[in-house]
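A.B. asks: Pasting a structure here, questions to come.
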Amino acid sequence: MKITVVGAGAVGATTADNIVRRELAEEVVLVDIKEGLSEGKALDMFQTATLLEFDTKITGSTNDYSKTAGSDVVVITSGIPRKPGMTREELIGTNAGIVKSVVDNALKYSPDAIFVIVSNPMDTMTYLALKESGLPKNRIIGMGGILDSSRFKTYLSLAIGCQPNDLHATVIGGHGDTTMIPLTRLATYNGVPVSQFLSADQLKQVAADTMVGGATLTKLIGTSAWYAPGASSALLVESIVRDQKRVFPCCVYLDGEYGQNDICLGVPVVIGRTGWERIIDYKLNPEEQDTFSKSADAVRNMNNVLAT
Ligand code: NAI
């Protein structure tokens, strides 16, 4: 198994670090446009092999995609992150050009790869990657919902006073402060609805905190987060390369599912060796379905910017 991670910045390097520690491939290639950055970070990471006892080889490459040839999975994290006060949507102009060129270059050398899109605004970048590559829809997966769900579980655990790992909770819809949908009705603590532990007001607060979870970190750190985004990306890659068939909320192309067409949006999907394998129908109630449609409208407006 060979995995390429494009972008050796905070998120890309953390993703690669998680991938090598978990030995998800024999070989990992880290690519960045900045001279020497990916080589340096890859060498630093490889020097942890004997300390952390992993056998995965990791190398870096300054924009030479021939080194990525034959990758099974390509993770795209290249692009600018947001600064305090910025929305993910404001990144579109710069990141669209970057994602487009990266998809073209990577595809030349890895025509059979599954692409994981992380760069923001992720829903629009996933749609762009699908259209640009012309690949079958199952091979393009946007990562956002796994991260948002982990933030949802964190805030739920803090409110309830329990371990995040005892919770099951999912965020669907867009990966934006106003477009994501924490599904509070379906969230459970050891199989029991969380509404038995929290009041409606508390649940509302948890959902609100989740939606601005990324912005809260950006304000604290001064740039966007990387530990949870990197771990989330690696978890998605793991389900692909180990064919685990795990169900994760991911941004995928909708063809009538959840009432939407010609858009990439976060829904629960089964992730395996061939990419996303099927969409799970959560049977949203009318209110949730309405919120989902509004989220789709906002993402579609952003996708339209690509055409201008
Ligand atoms: P960063 O600035 O630390 O790293 C980005 C890297 O991309 C830089 O090293 C830069 O040199 C490189 N790059 C730029 N153009 C390139 C090109 N054409 N080819 C190869 N490399 C190129 O940014 P960070 O924090 O790693 O974030 C990366 C992206 O991921 C941002 O767009 C950010 O908004 C997004 N993000 C997405 C999340 C999600 O859940 N989908 C979560 C967190 C961040």
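A.B. asks: Need pairs with beta-carbon distance below 9 Å; first residue within 19 Å of Pro268 (Cα to Cα) and polar (S, T, N, Q) and within the stretch 130-150, second more than 14 Å from the ligand (Cβ to nearest atom) and assigned to a helix (DSSP H, G or I); sequence gap 6+ or separate chains.
C.D. replies: Ser150/Pro164
A.B. asks: Additional query: Listed residues Leu220, Leu156, Leu198, Leu147; which is surrounded by fewer than 24 Cβ atoms within 10 Å (Cβ to Cβ) and assigned to a helix (DSSP H, G or I)?
C.D. replies: Of the residues listed, the single one that is surrounded by fewer than 24 Cβ atoms within 10 Å (Cβ to Cβ) and assigned to a helix (DSSP H, G or I) is Leu220.
A.B. asks: Wholly within the stretch 243-308, which strands (runs of 3 or more DSSP E) include no fewer than the required count, namely at least 3 residues that are among the hydrophobic types (A, V, I, L, M, F, W, C)?
C.D. replies: Filter on the stretch 243-308 gives 246-255, 261-272.
A.B. asks: Look through Gly12, Gly7 and report the one residue that is within 14 Å of the ligand (Cβ to nearest atom), within 25 Å of Thr218 (Cβ to Cβ), at pLDDT 95 or above and in contact with a Leu (Cβ under 8 Å, 6 or more places away or on another chain).
C.D. replies: Gly12
A.B. asks: Is it true that Leu24 is hydrophobic (A, V, I, L, M, F, W, C) and in contact with a strand residue (DSSP E or B) (Cβ under 7 Å, 6 or more places away or on another chain)?
C.D. replies: Yes: the conditions hold for Leu24.
A.B. asks: Something else: Checking the condition modelled with pLDDT of 95 or more, surrounded by 18 or more Cβ atoms within 10 Å (Cβ to Cβ), closer than 16 Å to Pro182 by Cα and within 20 Å of the chain's Cα centre (by Cα), which residue from Gly272, Gly213 passes?
C.D. replies: Only one candidate qualifies: Gly213.
A.B. asks: Sticking with this structure for a sec: Of all residues in the stretch 164-181, which are free of Cβ contacts under 8 Å to residues at least 60 places away in the same chain, surrounded by fewer than 24 Cβ atoms within 10 Å (Cβ to Cβ) and in contact with a helix residue (DSSP H, G or I) (Cβ under 6 Å, 6 or more places away or on another chain)?
C.D. replies: Pro164, Leu167
A.B. asks: Do we find a residue being within 25 Å of Ala10 (Cβ to Cβ) and either in a loop (DSSP other than H, G, I, E, B) or within 11 Å of the ligand (Cβ to nearest atom) (or both) anywhere in the stretch 127-140?
C.D. replies: no
A.B. asks: Which residues, taken from the stretch 201-248, are among the β-branched types (Val, Ile, Thr) and either without any contact (Cβ under 8 Å) to a residue 12 or more places away in the chain or within 11 Å of the ligand (Cβ to nearest atom) (or both)?
C.D. replies: Thr216, Thr218, Ile221, Thr223
A.B. asks: Across the stretch 90-105, which residue is nearest to Ile33 (Cα to Cα) among those that are among the hydrophobic types (A, V, I, L, M, F, W, C) and more than 9 Å from the ligand (Cβ to nearest atom)?
C.D. replies: Val103
A.B. asks: Kindly provide the set of residues from the stretch 17-60 that are within 11 Å of the ligand (Cβ to nearest atom), among the aliphatic types (A, V, I, L, M) and part of a helix (DSSP H, G or I), ordered by number.
C.D. replies: Leu37
The values are calculated or read from the model by the stated rules, or taken from the named source; none is laboratory data. Source: prediction; values computed, not measured. Note that each Cβ is placed from the backbone with ideal geometry, even for glycine, and that neighbours are counted across all protein chains shown.
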